[in-house]
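The values are calculated or read from the model by the stated rules, or taken from the named source; none is laboratory data. Predicted model only: the values in this text are computed from it and were never measured. Neighbour counts run over all protein chains shown; Cβ positions are idealised from the backbone, glycine included.
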Amino acid sequence: MNRILIWACISLPVSLLQAQNITVPDSLLRLPYDSLKVRRLSDLAQDFIYSGNFDKARAYLKAADKMNKTVRSVFCDADLVSRYGLFYLHQHDTPKAIEHYLRAYELFERHHFLRGAFLNLQRVGFAYFNEHEYDQAEKYYKKTHQFYLDHTEKLPKIFLAYIFESFAALEGKRNNHALALTFNEKAVQILKKENDEDAYHSGLYNYALKLAHLKRADEAEGYFQEITQYTKKKKDIYLEMYVQKGLAEVYLVKHQPDEAIRVAMHGITLSKSQSEQKEHQKDFHQFLSRAYEQKNDFEKALKYYQSAVALNDSVRDNDKKKAIAKIEAEFQTKQVREVAMINALNRRQMAETQQRFQIEQAEYLAKLSAAKEQQLASIKAQAEIEKARSITEISTKYASSQKEAQIRQLDRENHNKTRQMQWLAAIMGILLLLLGGMVVLYQKVQKQNLVLGAQRNQLTTQNHTISEQSHKLELMMKELHHRVKNNLQIVSSLLNLQTYNLEDPKAVQAIREGQQRIEAMSLIHQRLYHKEHLTTIDMKEYLGNLIESIMRSYGYSPEHFELRLDIRQRELDVELAMPIGLIVNELVTNSFKYAYHLTNQPSLAVSLKNDTGIVLDVRDNGPGIDLVNWQNRKGTFGKKLIKSLSEQLGGEAQIQNEHGTWYHLHIPETRLKPTG
């Protein structure tokens with residue numbers, strides 16, 4: 001694991017940021033100088049790159065580039081080029097990343113920003129290392145080392161540690177673990193003297209990992225435990241996840257499979273927040289497979305081995321895409337150059353070929369014409385001789401064949417006439433039988449037509465009656481839904497009047513929550529009497545209006561609140577739509593009550609789809625929910641209502657804390673009714 005220090009600069013006016021749909025932090029707006037704003041926004045762009053949100057990262061970088069044309073900071077010019085290198089590296093476009101890093105190195109060196117020049121030269125080596133081109137990586141690591149030696153007095157000592165760590169990683173990939181350990185040990189000694197805790201513990205991790213590879217498990221475990229304490233203090237999830245990999249390797253070396261399983265499962269949980277979680281989970285599944293193999297539980301060992309292979313195939317697909325992108329870039333460059341050369345060569349060759357072809361064509365046509373005349377004369381003479389002989393032979397054969405043909409024709413005519421008489425007699429007999437059958441069948445058809453006519457008249461009368469009854473029933477259902485909606489609004493108004501006489505805030509809040517539940521039901525009846533189908537609800541329109549109503553009741557507006565609706569199950573039967581609407585009402589109300597007080601950028605995501613049954617997900621970005629209190633049987637009316645409605649629907653409900661509160665409900669297909 002290499003951690004490379006990165007400077008960035010980006011600047012942006014507020015109006016341009018808003019045009020890009022980027023939320024400007026208040027802390028940034030209070031900065032006194034444009035250059036400080038540039039560097040802060042650069043950090044935000046880097047965060048989006050590492051989290052995999054490339055659209056926002058690109059928006060920050062483009063806006064910063066535009067703003068920097070006004071600021072005209074040469075440092076920011078170079079650093080923006082470096083930032084784009086990081087962007088392309090995470091997009092798996094290594095050729096573009098290397099191109100930008102080399103350009104950034106040249107710009108930094110030209111203006112004597114030695115630290116930036118050093119770091120970008122090292123990043124070129126890391127980009128090649130990431131592509132498994134270890135010879136090229138070593139070449140640039142050596143250039144970085146020489147650059148450091150040339151400017152030792154002006155560069156921090158910690159940069160030498162970065163060089164040693166780079167060589168250690170390289171030798172580790174070449175399975176020279178003893179040599180890699182020597183480099184890691186040198187790096188750790190420097191980092192410890194420089195009192196840089198982050199860099200020291202990152203270097204210590206690499207050192208401990210090499211000890212594990214060399215089967216020095218007890219020493220490695222001690223260092224990993226020390227790093228674990230540091231990650232918990234700093235809340236460094238990324239480094240803590242890598243420590244779990246190291247501990248898993250240590251416990252497998254020490255034949256402690258249960259401990260290896262424990263840390264691997266914890267590592268899988270940590271990896272879910274990382275941008276390349278499949279690659280990390282592949283490593284942890286491999287550790288689990290080896291651990292269960294040590295426990296002689298070969299069934300689970302095979303299961304985790306197969307899942308590791310599947311994850312590895314997915315990672316390899318990404319590697320293939322990266323390789324294809326690299327080959328395409330190289331091919332396009334080469335192709336443009338070769339096409340230009342080929343076009344010039346083709347034009348010259350075409351002129352020469354055309355001239356030579358015209359000369360050869362004239363010579364060939366002259367020879368062909370002479371040969372043709374000679375051949376025609378010979379053919380005509382031979383044809384006259386053959387014609388005379390053939391006429392004599394044909395005349396003789398024709399006379400004989402004519403007589404034989406006449407005799408055979410007479411025999412055939414006699415035989416055909418005899419057979420025709422036999423067929424005619426048989427056909428006449430069949431026709432008489434068919435005629436008799438048709439008379440009988442005609443009489444039966446006449447009787448059946450009379451019966452069918454009577455039945456058709458009776459069905460016509462019944463259909464007319466049913467149509468009238470259906471129309472009346474539809475009017476009655478619409479009137480019923482209209483009256484139910486009006487009655488619910490009356491109840492809501494009465495509850496609202498009741499709040500005027502109450503002084504207890506909790507009582508007022510309870511009544512308002514009851515009003516919101518009534519509004520949720522009223523919305524359904526309002527839509528039923530306005531649409532043609534009286535038993536199904538458009539869930540996208542219904543849930544959108546319901547959530548916006550709750551949002552406005554708590555003082556939020558759509559312009560200052562991130563609401564994401566993903567409603568793929570558009571139509572639902574009213575028997576499912578009503579309880580689902582009440583569940584969403586309770587969950588969204590809870591989010592607005594408890595989740596956003598300390599959240600600068602509140603967001604809410606609601607999805608409803610059909611995936612082997614109805615799947616409802618509601619997620620906010622608040623501080624989370626007290627899961628112990630949720631599992632308690634006692635609780636608020638809202639919690640009881642959610643659980644009761646989930647059970648009523650026959651669904652399986654889950655609630656978790658994952659960057660906020662996440663509610664998941666799955667209703668099996670057996671509960672669904674056909675819509676439309």
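If you take the residues in segment 626-655 that are farther than 20 Å from residue 578 by Cα and touching a helix residue (DSSP H, G or I) at 6+ places or on another chain (Cβ under 8 Å), which one is surrounded by the most Cβ atoms within 10 Å (Cβ to Cβ)?
655
Would you please name the residue that is surrounded by the most Cβ atoms within 10 Å (Cβ to Cβ), looking only at residues in segment 50-61 that are assigned to a helix (DSSP H, G or I) and either of a type in the set (Phe, Trp, Tyr) or touching a residue at least 40 places away in the same chain (Cβ under 8 Å) (or both)?
60
Consider only pairs whose beta carbons are under 9 Å apart and that are at least six residues apart or on different chains; among these, list those whose first residue lies in segment 199-214 and is among the aliphatic types (A, V, I, L, M) and whose second residue is surrounded by fewer than 24 Cβ atoms within 10 Å (Cβ to Cβ) and not in a helix (DSSP H, G or I).
199/3; 199/5; 209/1
Which one of these is crowded, with 18+ Cβ neighbours inside 10 Å, in contact with a Pro (Cβ under 9 Å, 6 or more places away or on another chain) and modelled with pLDDT of 85 or more: 101, 88?
88
Against the definition (surrounded by fewer than 17 Cβ atoms within 10 Å (Cβ to Cβ) and in the same structural domain as residue 626 (by TED's automatic domain parsing)), how does residue 610 come out, yes or no?
yes
Tell me whether segment 651-667 contains one or more residues that are part of a loop (DSSP other than H, G, I, E, B), closer than 23 Å to residue 538 by Cβ and at pLDDT 85 or above.
yes
Which one of these is modelled with pLDDT of 85 or more, over 24 Å from residue 94 (Cα atoms) and either assigned by TED's automatic domain parsing to the domain that holds residue 108 or not hydroxyl-bearing (Ser, Thr, Tyr) (or both): 190, 163?
One residue alone meets the criteria, 190.
Of everything in segment 275-297, what is buried (at least 17 other Cβ atoms within 10 Å of the Cβ) and in contact with a Phe, Trp or Tyr (Cβ under 7 Å, 6 or more places away or on another chain)? Give them in sequence order.
285, 288, 289, 292
Which one of 146, 136 is surrounded by fewer than 15 Cβ atoms within 10 Å (Cβ to Cβ) and without any contact (Cβ under 8 Å) to a residue 12 or more places away in the chain?
146
Do any helices (runs of 4 or more DSSP H) entirely within segment 103-185 hold 3 or more residues that are among the aliphatic types (A, V, I, L, M) and over 25 Å from residue 81 (Cβ atoms), and if so, which?
Filter on segment 103-185 gives 158-173.
Name the residues in segment 545-564 that are touching a residue at least 24 places away in the same chain (Cβ under 8 Å) and either touching a Pro at 6+ places or on another chain (Cβ under 9 Å) or surrounded by 15 or more Cβ atoms within 10 Å (Cβ to Cβ) (or both), would you?
546, 547, 549, 550, 551, 556, 561, 562, 563
Here is a list of conditions, (1) closer than 21 Å to residue 521 by Cα; (2) surrounded by fewer than 17 Cβ atoms within 10 Å (Cβ to Cβ), and residue 592 meets all of them except one; can you say which number that is?
Result: residue 592 passes all but (2).
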